[in-house]
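Undergrad: Got a structure here, written out as structure tokens. Questions coming.
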Amino acid sequence: MSTLEVKNLHVEIEDKEILKGVNLKMATGEVHAIMGPNGTGKSTLSEAIMGNPAYKATEGEVLLNGVNILELPVDERARAGLFLAMQYPSEIPGITNAEFLRAAINARRPEDNQIPIREFLKKLDKMMTTLDMTEEMSDRYLNEGFSGGEKKRNEILQLMMIEPKFAILDEIDSGLDIDALKVVSRGVNEMLKNAEFGTLMITHYQRLLNYIVPDVVHVMMDGRVVKTGGAELAEKLEAEGYAGLRDELGLDVVLTDENV
Amino acid sequence: MSDLKVLEQSVIDFSNLKKEPGWFQKLRKAAFTKMTMLELPSFEKIRYQRWPIIPKQTLLESRKVELDQKRAVGNTVVQVGSRTLSLKLTNELKQKNVIICDWETALIEHSDLIQKYFMTKAVKWDADRLTAAHLAQLTSGLFIYVPRNVELDEPITSYLTQDARDGQDYVHHVLIVAAENSRFSYLENRDTLGNETTTANIIVEVIAEQNSHVKFAGVDQLGETTTAYINRRGYLLDNAKIDWSIGLLNDGNIIGDFDSDLIGAGAHADVKVVAISTGNQIQGIDTRVTNYGKHSIGQILQHGVILSRSTLTFNGIGHIIKGAKGANAQQESRVLMLSTKARGDANPILLIDENDVQAGHAASVGRVNQEQLYYLMSRGLHKEGAERLVIRGFLGPVLTAIPAADVRERLIETIEGKLINGQKFEKVSR
């Protein structure tokens with residue numbers, strides 16, 4: 001079992017403090033969801049855990065199996081077992097999807113034990129079938145000209161091929177129709193059959209949680225986790241909205257999209 | 001005797017030795033007389049005038065050398081220095097009456113064709129000091145003639161090695177004539193043998209007659225001690241098309257002058273250039289398309305990477321001549337800098353003398369896209385490897401246009417090697 005723990009994390013972007021002391025703890029085998037209104041720092045949290053250099057941690061720790069990883073560059077964090085399915089994946093022309101995936105897998109293996117091409121293709125084929133992806137998508141350039149839905153699927157394909165310990169899924173449900181959402185969820189649930197995998201899902205909507213059922217739900221407001229509970233918390237939010245929870249907790253927070 | 005007199009005598013001796021036709025020797029003499037009165041060509045923002053760019057040595061046959069058997073397969077020409085080591089015509093070429101021969105043979109057996117096309121259309125011999133010196137001091141070359149209506153399935157491949165074992169000047173000419181309605185691919189691989197300091201003067205002319213279509217791929221890997229002038233020029237008649245894909249992976253100082261003259265209506269030149277500059281080298285690339293014909297189309301795409309302390313300059317020139325109604329001139333030049341000590345330049349130049357046309361340009365000098373780099377690294381790729389992938393993607397448009405898979409692979413390997421070296425330099429100098 002592996003653990004991922006965020007302790008009193010403060011993060012700035014361009015000198016503006018976005019995270020103001022986030023705490024959360026999870027282990028492999030668990031599904032956590034982070035919900036919260038727009039502009040509360042959910043994406044910032046995911047980028048800061050992954051190690052995007054644009055996000056500066058000013059205080060606190062991110063511990064992977066008890067070791068602080070905040071000083072590590074993004075690639076080392078990835079090889080240590082973290083994965084971030086991004087909201088807006090980059091497009092990289094000239095490099096095929098398959099070529100990229102193989103490079104990503106091989107970056108985790110010693111020089112003298114690279115994945116045999118046959119084994120790689122077999123695995124790729126299997127994962128693409130799970131995700132209803134056509135064969136030609138592996139020969140297309142990485143995300144280039146992919147539709148929004150194709151990009152999300154491709155993020156999950158990478159997740160399944162790389163098999164990290166912890167995957168953060170940043171709004172993997174945005175821009176997906178119900179059918180695509182089901183396919184993407186199928187991929188994540190397939191991964192969850194493995195006890196050595198845990199996921200932290202960031203979402204606005206309870207809908208995703210019908211397909212990938214969380215063990216723990218965290219609610220973020222104004223750069224902090226303000227409430228943690230079980231799956232029922234998400235349902236309650238769906239019914240009462242974020243403003244209801246804020247008022248119940250007596251928080252002095254202005255929600256970005258309030259009264260809009 | 002003065003040096004010039006010695007040189008002139010060696011030109012005449014060489015011409016006699018090769019039994020060149022009278023008209024050619026006469027032309028050589030004229031070029032010799034005129035060359036010292038001509039100026040070196042000038043290119044925007046490229047200063048090379050002090051380089052050892054003018055060939056000065058007496059004309060000699062290269063020393064003998066063994067043939068590399070791996071190169072002599074298929075429709076292939078292998079030349080090292082002035083010597084032709086292998087020249088095979090497959091049955092397809094023979095049946096279709098395609099002419100491929102070395103310069104010496106071409107002058108004797110196809111004198112009329114050479115006289116008609118050589119340095120009269122694409123490159124004029126008296127254009128400047130370098131073109132005149134080229135004609136006067138030419139020692140070897142290649143002639144390819146693809147007759148009317150001939151389509152070739154297999155590309156014609158040449159391996160043209162500059163001989164730097166003895167410090168001899170290398171003056172080499174390739175003349176390709178695509179007769180009406182012909183269609184074929186040509187792949188030219190250039191490299192260097194030996195490491196003495198040398199001067200190379202290379203001119204390649206492609207005459208594309210009506211409705212012909214030539215796919216020209218050139219991979220240049222001249223050595224570190226070679227200073228070269230490489231001029232490749234197309235001359236396109238009505239509805240002819242040339243697709244140029246040129247990879248400049250040289251290690252020495254280079255002037256690349258790549259021009260296409262769209263003479264005929266509907267002529268179309270698509271020029272793709274990739275370049276990598278490393279070490280202390282300077283590469284200046286001047287790519288021009290001139291639209292003379294109505295509805296002619298010129299497209300230039302140049303992508304380059306600079307490492308270490310090197311310099312890379314891309315000029316992109318789109319020139320539309322008055323009367324070329326409906327012409328289109330587009331260009332894009334981009335330089336990626338991997339080093340803080342390197343110098344890059346991308347100059348778009350549009351010269352438009354006609355109103356009824358379309359033209360566009362894009363140019364940039366920048367660093368590796370940080371978002372792309374972050375994305376790749378977030379999947380566990382090491383920074384250097386991720387950087388190389390982004391760069392390869394950036395050079396992709398030309399790499400994918402190389403017709404032979406094995407050449408493409410070798411090219412990618414060479415690029416990898418250059419990038420790895422450049423990255424080492426960055427680490428050390430940081």
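The values are calculated or read from the model by the stated rules, or taken from the named source; none is laboratory data. A quick note: this is a predicted structure, and the numbers were derived from the prediction, not measured. Cβ sites come from the backbone with ideal geometry, for glycine too, and all protein chains shown count toward neighbours.
Undergrad: Just for strands (runs of 3 or more DSSP E) wholly inside the stretch A:190-244: which have at least 2 residues that are over 21 Å from A:Asn23 (Cβ atoms) and within 15 Å of the chain's Cα centre (by Cα)?
TA: Working: elements: A:198-203, A:216-221, A:224-229.
Ranges flagged: none.
Undergrad: Now for a separate question. Here are A:Leu82, A:Leu70: which of them is at the interface with another protein chain (Cβ under 9 Å from one of its Cβ atoms), in contact with a strand residue (DSSP E or B) (Cβ under 8 Å, 6 or more places away or on another chain), farther than 17 Å from B:Gly385 by Cα and not β-branched (Val, Ile, Thr)?
TA: Numbers: A:Leu70 fails: at the interface with another protein chain (Cβ under 9 Å from one of its Cβ atoms).
Only one candidate qualifies: A:Leu82.
Undergrad: If you go through the stretch B:402-424, how many residues are crowded, with 20+ Cβ neighbours inside 10 Å and within 12 Å of chain A (Cβ to nearest Cβ)?
TA: Count: 1.
Undergrad: Another question, then. Just give me the residues in the stretch B:319-337 being part of a loop (DSSP other than H, G, I, E, B) and either crowded, with 22+ Cβ neighbours inside 10 Å or free of Cβ contacts under 8 Å to residues at least 24 places away in the same chain (or both), in sequence order.
TA: Within the stretch B:319-337, B:Ala324, B:Ala327 qualify.
Undergrad: What are the pairs, 6+ residues apart or on separate chains, where a residue within the stretch A:97-123 that is in contact (Cβ under 8 Å) with a residue 12 or more places away in the chain has its Cβ under 8 Å from a residue that is assigned to a helix (DSSP H, G or I) and hydroxyl-bearing (Ser, Thr, Tyr)?
TA: If the second residue must be assigned to a helix (DSSP H, G or I) and hydroxyl-bearing (Ser, Thr, Tyr), the pairs left are A:Asn97/A:Ser138; A:Ala98/A:Ser138; A:Leu101/A:Ser138.
Undergrad: Go through the stretch B:361-395 and give me each residue that's without any contact (Cβ under 8 Å) to a residue 40 or more places away in the chain and more than 26 Å from A:Leu159 (Cα to Cα).
TA: If the condition is that a residue be without any contact (Cβ under 8 Å) to a residue 40 or more places away in the chain and more than 26 Å from A:Leu159 (Cα to Cα), then B:Ala362, B:Ser364, B:Val365, B:Gly366, B:Arg367 are the ones that fit.
Undergrad: Also, quick follow-up: Mind listing just one residue for me: the one in the stretch B:368-401 that is within 22 Å of B:Gln299 (Cα to Cα) and in a loop (DSSP other than H, G, I, E, B) and, of those, farthest from the other protein chains (Cβ to nearest Cβ)?
TA: By that ranking, first place goes to B:Ala401.
Undergrad: Only one of (1) among the charged types (D, E, K, R); (2) over 16 Å from A:Val184 (Cα atoms); (3) out of contact with any strand residue (DSSP E or B) (no Cβ under 9 Å at 6 or more places or on another chain) fails for A:Lys151. Which number is that?
TA: In the conditions (1) among the charged types (D, E, K, R); (2) over 16 Å from A:Val184 (Cα atoms); (3) out of contact with any strand residue (DSSP E or B) (no Cβ under 9 Å at 6 or more places or on another chain), A:Lys151 misses (2) alone.
Undergrad: Out of all the residues in the stretch B:157-178, which are out of contact with any Gly (no Cβ under 8 Å at 6 or more places or on another chain) and modelled with pLDDT of 95 or more?
TA: Across the stretch B:157-178, the qualifying residues are B:Ser158, B:Tyr159, B:Leu160, B:Asp169, B:Val171, B:Ile176, B:Val177, B:Ala178.
Undergrad: Now a separate question. The conditions are (1) crowded, with 22+ Cβ neighbours inside 10 Å; (2) within 14 Å of chain B (Cβ to nearest Cβ); (3) β-branched (Val, Ile, Thr); (4) without any contact (Cβ under 8 Å) to a residue 60 or more places away in the chain, and A:Ile49 fails exactly one of them. Which is it?
TA: A:Ile49 satisfies all of (1) crowded, with 22+ Cβ neighbours inside 10 Å; (2) within 14 Å of chain B (Cβ to nearest Cβ); (3) β-branched (Val, Ile, Thr); (4) without any contact (Cβ under 8 Å) to a residue 60 or more places away in the chain except (4).
Undergrad: Can you name every residue in the stretch A:1-43 that is more than 13 Å from A:Val225 (Cβ to Cβ) and in a helix (DSSP H, G or I)?
TA: A:Ser43
Undergrad: Would you list the strands (runs of 3 or more DSSP E) that sit entirely within the stretch B:204-279 and hold 2 or more residues that are under 17 Å from B:Thr290 (Cβ atoms) and among the acidic types (Asp, Glu)?
TA: Once the strands (runs of 3 or more DSSP E) in the stretch B:204-279 are filtered for at least 2 residues that are under 17 Å from B:Thr290 (Cβ atoms) and among the acidic types (Asp, Glu), what remains is B:254-262.
Undergrad: Just one of the numbered conditions (1) within 11 Å of chain A (Cβ to nearest Cβ); (2) farther than 18 Å from B:Phe425 by Cβ; (3) without any contact (Cβ under 8 Å) to a residue 12 or more places away in the chain is not true of B:Asn355; which one?
TA: For B:Asn355, the failing item is (1).
Undergrad: Residues being over 29 Å from A:Gly145 (Cα atoms) and part of a strand (DSSP E or B): count how many of those fall in the stretch A:63-86.
TA: 4
Undergrad: Can you spot a residue in the stretch B:249-270 that is touching a helix residue (DSSP H, G or I) at 6+ places or on another chain (Cβ under 6 Å), buried (at least 24 other Cβ atoms within 10 Å of the Cβ) and closer than 17 Å to B:Leu395 by Cβ?
TA: Taking every residue of the stretch B:249-270 in turn, none turns out to be touching a helix residue (DSSP H, G or I) at 6+ places or on another chain (Cβ under 6 Å), buried (at least 24 other Cβ atoms within 10 Å of the Cβ) and closer than 17 Å to B:Leu395 by Cβ.
Undergrad: Which residues, counting only those in the stretch A:87-97, are more than 7 Å from every other protein chain (Cβ to nearest Cβ) and not in a strand (DSSP E or B)?
TA: A:Gln87, A:Tyr88, A:Glu91, A:Asn97
Undergrad: Here is a follow-up. Scan the strands (runs of 3 or more DSSP E) fully inside the stretch B:1-117 and keep the ones with 2 or more residues being under 30 Å from B:Glu224 (Cβ atoms).
TA: Correct list: B:76-80, B:83-87.
Undergrad: Would you check if there is a residue in the stretch B:274-282 being over 24 Å from the mean Cα position of the chain (by Cα), modelled with pLDDT under 95 and more than 14 Å from every other protein chain (Cβ to nearest Cβ)?
TA: no
Undergrad: Would you be able to tell me the number of residues in the stretch B:203-247 that are over 15 Å from the mean Cα position of the chain (by Cα) and either farther than 18 Å from B:Gln283 by Cβ or at pLDDT below 95 (or both)?
TA: Going through the stretch B:203-247 one residue at a time, the tally reaches 12.
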